[in-house]
Amino acid sequence: MLDQGGHLRCCDRSAGSGTGELIARRRLLKAAVLAPRYRRGQAAGADRAGADRAGPPPGAGGQPSVVAGTVLDASPHVLTISRADREERLALMPAATVWKGGPADPTALGAGDRIVVRLHRSRPGVADRIWANIGRVTGVIVERDSEGIVVDAGKTRGRQVIVIPGHAEGRLQVRFPHLEPGYLIDVIGLRRGGVVVGLIPATSQPAYRADQLPRPPHAGGRAVGRLGGCASWHEPAGQPDDVEGIAYPMLDPEMGCAEEPSPGPGCVRMPYLSVGSLLDVHNECTGDSRLLPVTSCGAAARLFCDRCVTCGMSPRGRVADLTLASFVALGGELERGCFNATITMGR
């Protein structure tokens, strides 16, 4: 939904009326989902175990499964990239695949390309899948003219610009027929500075406007600790592409979510969580699982009531908005935009 300034709002307070009911419901949800599953004497050990599981799981040789950086040099067999303050060399095998606006040969990579690489599961230092200059814009259309589409992606990410080339216009408009202010958009393409050249519709456009978000079905009884739905991805704002984490749609209002609270319940009933909470994310399509920390508020994810159809059909609604690296590490294909996911809370 939008606030009075026209920005996305997330982290809903409650469907109930009145401050007392709001606080009571929040405490009930947190107690139900996050109640400790161990005795007092086990707490320290369990916390350490959770901390050990958080972050990227090691691949062969103890190396992370995903790396990100900027291409310095690319030859048919070796890729040299810059990561933070160091250089790193990755082997390119004949089976390595590249996406750069579409399937491409590794020779299409050039100096300056921003890449995300999934390493081979059993061969350290060997690139298996590479995405170059991929970008995504998700949010509410605020303006459209002959130059492009301006999208409000929330206060944290600000306004983004999508330019749609002629060869992609038909494909995009089949899935997004209402390219006008007030409607939602979610597009994947090639990022060129502050502009994304839109090539792939990441979902089908919701029939409702952003200020007409449907209410979720009533769910009585105890809050559940497992939720199924769609897991999407986003580009980290002001952080490296290989940062791990989840933008969660329902941050506790006490955390001071940067996206401002919204009065509606959203399209999925979810418990409040805090930054730093750990969620076990399971990719139903590949079987990969990963324990990840909540790092921010998922403003745009809160507005979409879509389903992911990467493998079968997921329950309706986005339950996690992962960083680039976390999505790739869980077996996701960035150009597909989502995978069917189950998240488990309170571990």
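Of note:
- Formal net charge of residues neighbouring Glu143 (Cβ-Cβ distance under 13 Å; K, R +1; D, E -1): -2
- Virtual spin-label span in nm between Val161 and Thr107, 7 Å along Cα→Cβ: 3.4
- Counted residue by residue at 0.36 nm each, then reduced by the alpha carbon distance between them, the extension gain from Asp211 to Ala84 reaches 41.7 nm.
- Net charge contributed by nearby residues that have their C-beta within less than 13 Å of Asp241 (K/R +1, D/E -1): +1
- Extension gain from Thr286 to Arg192, taking 0.36 nm per residue of separation minus the Cα-Cα distance: 30.7 nm
- For the stretch 192-199, 3J(HN,Hα) computed residue by residue from phi via the Karplus equation (6.51, -1.76, 1.60; θ = phi - 60°) reads 10, x, x, 10, 10, 7, x, 10 Hz, glycine and proline entered as x.
- Near Cys338, once Lys and Arg are set to +1 and Asp and Glu to -1 for all other residues with Cβ below 14 Å from its Cβ, the sum equals 0.
- Close amide H partners of Leu119, meaning residues 5 or more places away or on another chain with modelled amide H under 5 Å apart, are Val66, Val67, Asp128.
- 3J(HN,Hα) couplings calculated from phi for the stretch 165-181 with the Karplus curve 6.51 cos²θ - 1.76 cosθ + 1.60 (θ = phi - 60°) are, in sequence order, x, x, 6, 9, 4, x, 4, 5, 6, 5, 8, 10, x, 10, 8, 9, x Hz; Gly and Pro show x.
- GluC sites (Glu not before Pro) restricted to DSSP loop in the stretch 120-190 with at most 15 other C-beta within 10 Å: Glu147
- Estimated FRET transfer efficiency (Arg175, Met93; beta-carbon r; R0 35 Å; 0.05): 0.50
- The stretch between Leu72 and Arg226, if pulled fully straight at 0.36 nm per residue, gains 51.1 nm over its current Cα-Cα span.
Bear in mind that the values in this text are calculations on the coordinates, not laboratory data. All values reported here derive from a predicted model rather than from experimental measurement. Note: ideal-geometry Cβ built from the backbone for every residue, glycine included; neighbour counts use all protein chains shown.
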